[in-house]
């Protein structure tokens, strides 16, 4: 029979070996995993501006080729940093932690947010990264506005763990494509964001339909999360947008 | 199960080969023992995730079997299940990390199911039933055999679901456009989990039809 002391020692040593093994593996594989995540992020940015023929293998080169400028703007809309040449994936804009900056915003502190510009046949497309909360965890994405900084060219969304078939539908094209052509400012130039409307935009008065999309049935909390994310994040970019006009 | 074994048994003796062959047919983990059904439903909509899942299970099962078999004389019986779980969980996390580093897309697709290999009853079942009482080499073969038996069913099911449900094999279209022009449509039902269960059912049916010994007498 094994003594209690033996059992404790056995368990302790086993767990220490397992922990050492796992932390070594995690540290060694981290650069590869981070590269994959960076590539995914670049893919989202390019896809929101409807860049065609995106290829994962050469994503970093494509990203540097298509993105003409990577900016960092502060809460007053001033450009803090602008990168037009070189490796934008190592620049400040690409490595900003949206969660942290939006937390600072909520708490009334200074914050800085990234913007990307892509050239589309002589016209500039502005891409604004988004970050918010869904039902089970974070949701994020990118929204691309055309040169007028009002009309949506495209959006991409992604999520950590929304319910498959319900909230997770925000990443599918039927939902994302609804945003194309919508406007974030009303006729008087007031910021209105784009509402994700439960029950459908058809409920809204005719004039407001340009500022709304249909929510996802059964995915109300995720849909509301998208709604709040758009409002909260786009609002932070309004000072910058005002300065461009 | 082998007890008194002779010294210096050849590596692929008939008895050892049986460890690999049996799970492929008369002792298949899915169709005969009905284990690991959950993941068989979840990851078989396309061939690629099914194959990655099969390989992941094989790595986890073979290595865990060997580790447990090496430790078998030192493991205190009172905490043996916990020890088995620690070994399985460590392996699964390693596999998950490797997938995230090298096949990120597939890892996203498999998402929670890689983590759920920990709860795949085939693995724990083999550790408890075989590795705890056998030497490392037979344990290794047993692990490979059972994982192959599991994997082969996964791949058969995924083949039919992807072919009939999406008209593709490894994401390459194999059904000619002409068929669609004549009104052929992909069967969307095949993409949904219930059809995996029905496909597994058909495989069990065919297997029992061909091998009457498997039919239970009532």
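Read-outs throughout are calculated quantities, based only on the coordinates presented, and are distinct from any laboratory measurement. Please read all numbers here as calculations on a predicted model, not as lab measurements. Positions of Cβ are generated from backbone atoms using ideal geometry, with glycine treated the same way; all protein chains shown enter the neighbour counts.
What the table below lists for this structure:
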{"read-out": "Reciprocal of mean inverse Cα separation for segment A:19-85 (Kirkwood radius, Å)", "value": "14.3 Å"}
{"read-out": "Inter-centroid distance (Cα atoms) of segment A:132-146 relative to segment A:7-39, Å", "value": "31 Å"}
{"read-out": "Theoretical FRET efficiency, 1/(1+(r/R0)^6), r = Cβ-Cβ of residue B:207 and residue A:160, R0 45 Å, to 0.05", "value": "0.65"}
{"read-out": "Principal-axis tilt of helix A:220-244 within chain A, Cα atoms, nearest 10 degrees", "value": "60 degrees"}
{"read-out": "Inter-centroid distance (Cα atoms) of segment B:33-84 relative to segment A:226-240, Å", "value": "46 Å"}
{"read-out": "Chain A, relative contact order in percent, only Cα pairs under 8 angstrom and at least six apart counted", "value": "15 percent"}
{"read-out": "Mean separation of Cα contacts under 8 Å (6+ apart) over length of segment B:68-145, as relative contact order %", "value": "45 percent"}
{"read-out": "C-alpha long axis of helix B:136-166 to longest principal axis of chain B, angle in °", "value": "10 degrees"}
{"read-out": "Solvent-free Debye scattering, log10 I(q)/I(0), computed from the Cα coordinates of segment B:155-218 at q = 0.14, 0.19, 0.21, 0.27 Å⁻¹", "value": "-0.52, -0.76, -0.85, -1.08"}
{"read-out": "Förster radius 45 Å - calculated FRET efficiency between residue B:81 and residue A:99, Cβ distance, rounded to 0.05", "value": "0.70"}
{"read-out": "Share, in percent, of DSSP beta bridges within chain A that are antiparallel, nearest 5", "value": "90 percent"}
{"read-out": "FRET efficiency, residue A:30 to residue B:105 (Cβ-Cβ, R0 25 Å, nearest 0.05)", "value": "0.85"}
{"read-out": "Quarter of Cα convex hull surface for chain A, i.e. mean projection, nm²", "value": "18.5 nm²"}
{"read-out": "Hull volume in cubic angstrom per residue (convex hull over the Cα atoms of segment B:1-92)", "value": "143 Å³"}
{"read-out": "Relative contact order, percent, chain B [alpha-carbon distance under 8 Å, six or more residues apart]", "value": "33 percent"}
{"read-out": "Degrees separating the helix B:193-210 axis from the principal Cα axis of chain B, which is the longest one", "value": "70 degrees"}
{"read-out": "Interatomic Cα distance distribution for the protein assembly as shown, bins of 20 angstrom, percent", "value": "20, 43, 29, 8, 0"}
{"read-out": "Rounded to 5, the percent of DSSP beta bridges in the protein assembly as shown classed as antiparallel", "value": "90 percent"}
{"read-out": "Ratio of Rg to Rh over chain B (Cα coordinates, Kirkwood Rh, two decimals)", "value": "1.03"}
